[in-house]
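Since the structure comes first, as structure tokens, the remarks are kept for the end.
The values are calculated or read from the model by the stated rules, or taken from the named source; none is laboratory data. Everything quoted here is computed from the prediction, not taken from an experiment. No Cβ is skipped: glycine too gets one built from the backbone with ideal geometry, and neighbour counts run over all protein chains shown.
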Ligand code: F6R
């Protein structure tokens, strides 16, 4: 996955692109590059490293011009080298392109182009696009791009400039996100909104197989056959401050702290008169909703963990049978689905390739698809029958935090909505449960004030190499999520298990070097059993960190370290217990000298299989 920003207008393009690219660094940070056009020449500077490092290596004086394209890379085809960094050019350096996606038929195209005498400088799939456009160039970059794209198989978001037509910036998209930012006497292209938000909040989402032609004063979007399309300009209501770090050292920490506000915004307008009010957001008739007799939730990674918590909520309260599937597995099975099956797809980015493919598979089988999405205008947003948004705002940190807890909130709202529809709970009960939900943002604020304590606990991980995370019921997915967060940002090996499974294997790992995080909140179900598991770990000299309910003396006597969460409903406790685990992972990463915003080998949205 990679990030793109391009500019055309009256200002110098390069400084704007450097600034914009920094907001896209979550999409890729192994190399970066820039191209401007000046005096009918393409000027290119690129190198390996994070954008800040590349910025130091390049010379801005050699990058003048009021039109340009730029790219931050997360390599797929071809190693991390200067040659493989984007932009890529044709033989004569006349055409320059940046690309996010994968050209699947690049080797056959490359072979044919080489036979025709084209010489290649990199081992990327992207470079073929530049040569293919060159091969079809007959005085119009727009036309040559269109002809080239007809021959390409795969995914792409492309930014293209041509030295012979310096008044035009071309953009094209298929399966990889790309937006146009419409300004005053200037226009932008970008992979994501934060890159351009400082300059304009007027955005057009390109759809698959669309090509945009931008000049500084105009924009036109056409389909692959050259037919002009009428595109809607969307006004983005995100504040550009939201896309910045706001004084926090890292986006991850900022986003952890944003959770109370993100939850408040996700609840905003969705609870009325003691009931969940989301009917207008759902594109399904009452009859369709009442007929739903089975739900399959599909997602990847952290979103899959929220799906597991959603299964617990929906079965417990709405009494609807639920299955949870990895989107990557679901898409290659032949699931038995009918039109009374509701597919819920969960995705922060709305661009995860496997989740998108699973949605398409479900739709082919007549299922209704409801998505829970954070990124408005994303592919999953547009392809689903209905969407319930999480209003977490842009999530920049690679490790998902506020998107996760807001997904849990939306799942809870949908559960209570269905519980009302299916009459599994009465009005009084639903309004009582919603009352507890409303208290969460304040309770989370209180919990976040325990940050220093968690920071101290994180120190025990300094010389450790492994950790176990154990929880039960609705907190089992939180144990999985706690382990994933620690793995992602601190590179420690961590595993999440249902606490009762410990005896069936993981107990063999326990000794004085094994920190075991127990989610041991008070409930009427399994609390006592979890206490039993804590005794078992202590008996084997394991280090116990317990996430417990405030006022629980018993746990505080047993555990080496305890973190307390405010009292809430058992089913809502998962939204609170996730928070200390996010902070724990964050501080363990810092103690190990790692940058939690840029974990190695990971990228924010996985748009390739
Ligand atoms: C983990 C993380 C990933 C994502 C996964 C799905 O911190 O962020 O595991 O949850 O790649 O991404 P979305 O939700 O964008 O579909």
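Could you say which residue among 84, 61 is assigned to a helix (DSSP H, G or I) and either under 23 Å from residue 177 (Cβ atoms) or assigned by TED's automatic domain parsing to the domain that holds residue 195 (or both)?
Working: 84 fails: assigned to a helix (DSSP H, G or I).
None of the others qualify; the one that does is 61.
Residue under question is residue 428, and the condition is that it be within 23 Å of the chain's Cα centre (by Cα) and either away from the ligand (no atom under 13 Å from the Cβ) or under 30 Å from residue 542 (Cβ atoms) (or both); does it hold? It would help to see each step written out before you state the result.
On the way: within 23 Å of the chain's Cα centre (by Cα): no; either away from the ligand (no atom under 13 Å from the Cβ) or under 30 Å from residue 542 (Cβ atoms) (or both): yes.
No.
For the range 400-425, which positions are more than 28 Å from residue 487 (Cα to Cα) and either within 13 Å of the ligand (Cβ to nearest atom) or in a helix (DSSP H, G or I) (or both)? First the steps, then the outcome.
Let us first name the residues in the range 400-425 that are more than 28 Å from residue 487 (Cα to Cα), namely 413-425.
Passing the criteria: 413, 414, 415, 416, 417, 418, 419, 420, 421.
Counting residues that are near the ligand (Cβ under 10 Å from one of its atoms) and not assigned by TED's automatic domain parsing to the domain that holds residue 488, which helices (runs of 4 or more DSSP H) fully inside the range 302-399 reach at least 2? Write out each step before concluding.
Values: elements: 327-330, 353-364, 379-383.
So the answer is 353-364.
For residues that are crowded, with 18+ Cβ neighbours inside 10 Å and either more than 30 Å from the chain's Cα centre (by Cα) or not assigned by TED's automatic domain parsing to the domain that holds residue 102 (or both), tally how many sit in the range 64-81.
Residues flagged as crowded, with 18+ Cβ neighbours inside 10 Å and either more than 30 Å from the chain's Cα centre (by Cα) or not assigned by TED's automatic domain parsing to the domain that holds residue 102 (or both) within the range 64-81 amount to 2.
What about residue 216, is it in a strand (DSSP E or B), touching a residue at least 12 places away in the same chain (Cβ under 8 Å) and either more than 16 Å from the ligand (Cβ to nearest atom) or within 18 Å of the chain's Cα centre (by Cα) (or both)? Walk me through it before giving the result.
On the way: in a strand (DSSP E or B): no; touching a residue at least 12 places away in the same chain (Cβ under 8 Å): yes; either more than 16 Å from the ligand (Cβ to nearest atom) or within 18 Å of the chain's Cα centre (by Cα) (or both): yes.
The answer is no for residue 216.
Quick check on the range 178-200: of everything there that is out of contact with any strand residue (DSSP E or B) (no Cβ under 6 Å at 6 or more places or on another chain) and in a loop (DSSP other than H, G, I, E, B), which residue is nearest to residue 149 (Cα to Cα)? Outline the logic, then answer.
To start, the set of residues in the range 178-200 that are out of contact with any strand residue (DSSP E or B) (no Cβ under 6 Å at 6 or more places or on another chain) comprises 183-186, 192-194, 197-199.
Next, from what is left, pick out any that are in a loop (DSSP other than H, G, I, E, B): 183-186, 192, 197-199.
Details: 183: 27, 184: 30, 185: 29, 186: 26, 192: 22, 197: 29, 198: 31, 199: 30 Å.
Only one residue tops the list, namely 192.
Just need a number here: residues in the range 271-299 that are buried (at least 19 other Cβ atoms within 10 Å of the Cβ) and in a loop (DSSP other than H, G, I, E, B).
Count: 1.
Mind checking which residues of the range 325-343 are in contact with a helix residue (DSSP H, G or I) (Cβ under 7 Å, 6 or more places away or on another chain) and crowded, with 18+ Cβ neighbours inside 10 Å? Walk me through it before giving the result.
Taking the range 325-343 and keeping what is in contact with a helix residue (DSSP H, G or I) (Cβ under 7 Å, 6 or more places away or on another chain), we get 326-328, 330-331, 337, 340, 343.
Within the range 325-343, 327, 328, 330, 331, 337, 343 qualify.
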